[in-house]
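Please read the structure below before turning to the comments.
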Amino acid sequence: MSNNDYLSLSIEIFILYILKKFQNLRRKIMRIKYLDIARGLAMIMVIIGHIIQPEIMGNTLRYYLFAVHLPLFLIISGILFKEKDYKVIFKKNIQRLLIPYLIGVLLIIVIFIVGSHQDVYLFWHEIVLGNLNSVTYILKSAILVNGGDYYAFLPKFNTTIGAIWYLIGYFEASLLFNTIIKLVSSKWGQISLIIIFTIIGYGIGIYTALPFQILSAFVMLPFLGAGYYTKKYWLNSNIQTMKIDIFISIIGLIFWYFSGKNGILLLVSAQATQGPILGILGGIMGSFAIMTFIRFFVSKGLINKFIPILVNFGQLSVMMMVVHTLDLRVFPVSFASMRIMHHFIDNEILIVYLAMIIAIVFAYIGALIINFIGKKIQTIYITSLSRV
């Protein structure tokens, strides 16, 4: 073989290598895209589930949403989960979960003070005092991470911290899950521990909650594990087939249907009124079905117009949860809008649906604003350090 042939072959190999790298990068972008969309959809379902008025619409839609919205979040986290050193995961969780939680608590306190001391908007004043009582109660609820007054051994606070309880629950669940993965080498040993913690969580949750959403962390583990142990299928397009996707979709919809039909999954209180086994299977398989549908729609280009906004929803989901909590507890945009719409619209169900849209838009815009302010503060801080 001549030198020219060697050179030509080398160039071809190099080009193939570059093309493969681009292909892998494209697959990675597609992977993150569809998972971000799924996370964004989960956030939308959380908001809708909280805005639903059972006395108007019944509990059917609410039950079906609760069956999968938080399990979907957790399964995606499990798919992307990597075993880490304790210091690394602790630091990462502080940045991604604890700081947003503290931001949420601070905003709740500030808005409570403003809302409770103004007398121009009486509706706002009444809602704020009715939900939160006082700054002292807010701080107690924040320290206890009181997602809902489910304690059998404590007096009723009548002040819950709202949807951001999830951030602390997941903080603890991810640390516990990482510990299990690190300490137990056998996969079946890991699964056995997850099952034990889950039984403890639901077993105690029937009677009482525990401080800091500990039981919630326990019952989150099966969903983290479901994502973690199936990540190869969700991240490797080479082993994905239409037959498997169709099978997952059918089984997932069946379990989701029976789970939502027979009760509600409440991770906040470690309760599943449809039964823990059905609640877990419905959450896992229903989430799998949703991810399969999203991946199919993305791969076929059927939702291209909505991809950017849905991906953004996924990327901002933590801060959207913070802003949504403000809506629920101290700055009732969605409920105020329902009150206003009653003067112009007679259809109660239509009013609730419009309020859902308003709540989603409010959470998104609020998250964008907080994210923008955070980046500006970070830039100023870094600039000031560089000048020292």
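The values are calculated or read from the model by the stated rules, or taken from the named source; none is laboratory data. For clarity, every value in this text was computed on a predicted model and none was experimentally measured. Note: ideal-geometry Cβ built from the backbone for every residue, glycine included; neighbour counts use all protein chains shown.
Which condition number in (1) of a type outside the set (Val, Ile, Thr); (2) part of a helix (DSSP H, G or I); (3) touching a Phe, Trp or Tyr at 6+ places or on another chain (Cβ under 9 Å); (4) surrounded by fewer than 21 Cβ atoms within 10 Å (Cβ to Cβ) is the one that SER334 fails?
Here SER334 meets the rest and fails (4).
Which of (1) under 19 Å from PHE66 (Cβ atoms); (2) of a type outside the set (Val, Ile, Thr); (3) in contact (Cβ under 8 Å) with a residue 60 or more places away in the chain is the odd one out, the single condition PHE255 does not satisfy?
All conditions are met except number (3).
When ASN93 is evaluated against the numbered criteria (1) among the polar types (S, T, N, Q); (2) in contact (Cβ under 8 Å) with a residue 40 or more places away in the chain; (3) more than 19 Å from TYR166 (Cα to Cα), which criterion, by number, is the only one it fails?
Looking at each condition in turn, ASN93 falls short on (3).
So ALA173 passes all but one of these: (1) touching a Gly at 6+ places or on another chain (Cβ under 9 Å); (2) buried (at least 24 other Cβ atoms within 10 Å of the Cβ); (3) not aromatic (Phe, Trp, Tyr). Which condition number does it fail?
Status for ALA173: all satisfied but (1).
With (1) at pLDDT below 85; (2) β-branched (Val, Ile, Thr); (3) in contact with a Gly (Cβ under 8 Å, 6 or more places away or on another chain) as the list, and THR159 as the residue in question, which single condition is left unmet?
(3)
Taking the stretch 317-332 only, how many residues are within 16 Å of HIS69 (Cβ to Cβ) and within 14 Å of the chain's Cα centre (by Cα)?
Total meeting the criteria: 6.
Which condition number does SER192 fail, the rest of (1) out of contact with any helix residue (DSSP H, G or I) (no Cβ under 9 Å at 6 or more places or on another chain); (2) hydroxyl-bearing (Ser, Thr, Tyr); (3) closer than 15 Å to GLU83 by Cβ being met?
All conditions pass for SER192, except number (3).
In the stretch 76-122, what residues are assigned to a loop (DSSP other than H, G, I, E, B) and modelled with pLDDT of 90 or more?
LEU80, PHE81
List the number of the failed condition for ALA270; all other conditions in (1) in contact with a helix residue (DSSP H, G or I) (Cβ under 9 Å, 6 or more places away or on another chain); (2) more than 18 Å from ALA42 (Cβ to Cβ); (3) surrounded by fewer than 21 Cβ atoms within 10 Å (Cβ to Cβ) hold.
Result: ALA270 passes all but (3).
Kindly establish whether PHE372 is on the phi < 0 side of the Ramachandran plot, in a helix (DSSP H, G or I), in contact with a helix residue (DSSP H, G or I) (Cβ under 9 Å, 6 or more places away or on another chain) and of a type in the set (Phe, Trp, Tyr).
no
Looking at (1) in a loop (DSSP other than H, G, I, E, B); (2) surrounded by fewer than 16 Cβ atoms within 10 Å (Cβ to Cβ), which one does GLY147 not meet, given that it meets all the others?
Answer for GLY147: the failing condition is (2).
Residues checked against (1) more than 17 Å from LEU107 (Cβ to Cβ); (2) touching a strand residue (DSSP E or B) at 6+ places or on another chain (Cβ under 6 Å); (3) of a type in the set (D, E, K, R):
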position	(1), (2), (3)
LEU310	yes, no, no
GLN315	yes, no, no
ASP327	no, no, yes
VAL333	no, no, no
PHE372	no, no, no
ILE380	yes, no, no
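Yes or no: PRO54 modelled with pLDDT of 90 or more and surrounded by fewer than 22 Cβ atoms within 10 Å (Cβ to Cβ)?
no
Exactly one of these conditions fails for HIS117: (1) exposed (fewer than 15 other Cβ atoms within 10 Å of the Cβ); (2) more than 27 Å from ILE365 (Cβ to Cβ). Give me its number.
Single failed check for HIS117: (2).
Could you check, for the stretch 195-204, whether at least one of its residues is touching a residue at least 40 places away in the same chain (Cβ under 8 Å), crowded, with 19+ Cβ neighbours inside 10 Å, more than 18 Å from GLN95 (Cα to Cα) and among the polar types (S, T, N, Q)?
For the stretch 195-204, residues touching a residue at least 40 places away in the same chain (Cβ under 8 Å), crowded, with 19+ Cβ neighbours inside 10 Å, more than 18 Å from GLN95 (Cα to Cα) and among the polar types (S, T, N, Q): present.
Table: residues versus (1) in a helix (DSSP H, G or I); (2) under 30 Å from THR292 (Cβ atoms); (3) under 22 Å from the mean Cα position of the chain (by Cα).
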position: GLY189; (1), (2), (3): yes, yes, no
position: PHE197; (1), (2), (3): yes, yes, yes
position: GLY201; (1), (2), (3): yes, yes, yes
position: THR208; (1), (2), (3): no, no, no
position: PHE212; (1), (2), (3): yes, no, yes
position: LEU215; (1), (2), (3): yes, no, yes
position: VAL219; (1), (2), (3): yes, yes, yes
position: LEU224; (1), (2), (3): yes, yes, yes
position: LYS232; (1), (2), (3): yes, yes, yes
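Regarding LEU354, is this residue assigned to a helix (DSSP H, G or I), hydrophobic (A, V, I, L, M, F, W, C), within 30 Å of LEU235 (Cα to Cα) and at pLDDT 90 or above?
Values: assigned to a helix (DSSP H, G or I): yes; hydrophobic (A, V, I, L, M, F, W, C): yes; within 30 Å of LEU235 (Cα to Cα): no; at pLDDT 90 or above: yes.
So LEU354 fails the test.
Go through the stretch 234-267 and give me each residue that's within 30 Å of ILE168 (Cβ to Cβ) and surrounded by fewer than 19 Cβ atoms within 10 Å (Cβ to Cβ). Break it down into steps so the answer makes sense when it comes.
Here is the first cut: in the stretch 234-267, the residues within 30 Å of ILE168 (Cβ to Cβ) are 234-235, 252, 255-256, 259-260, 262-267.
Listed by number, the residues that qualify are LEU235, ASN262.
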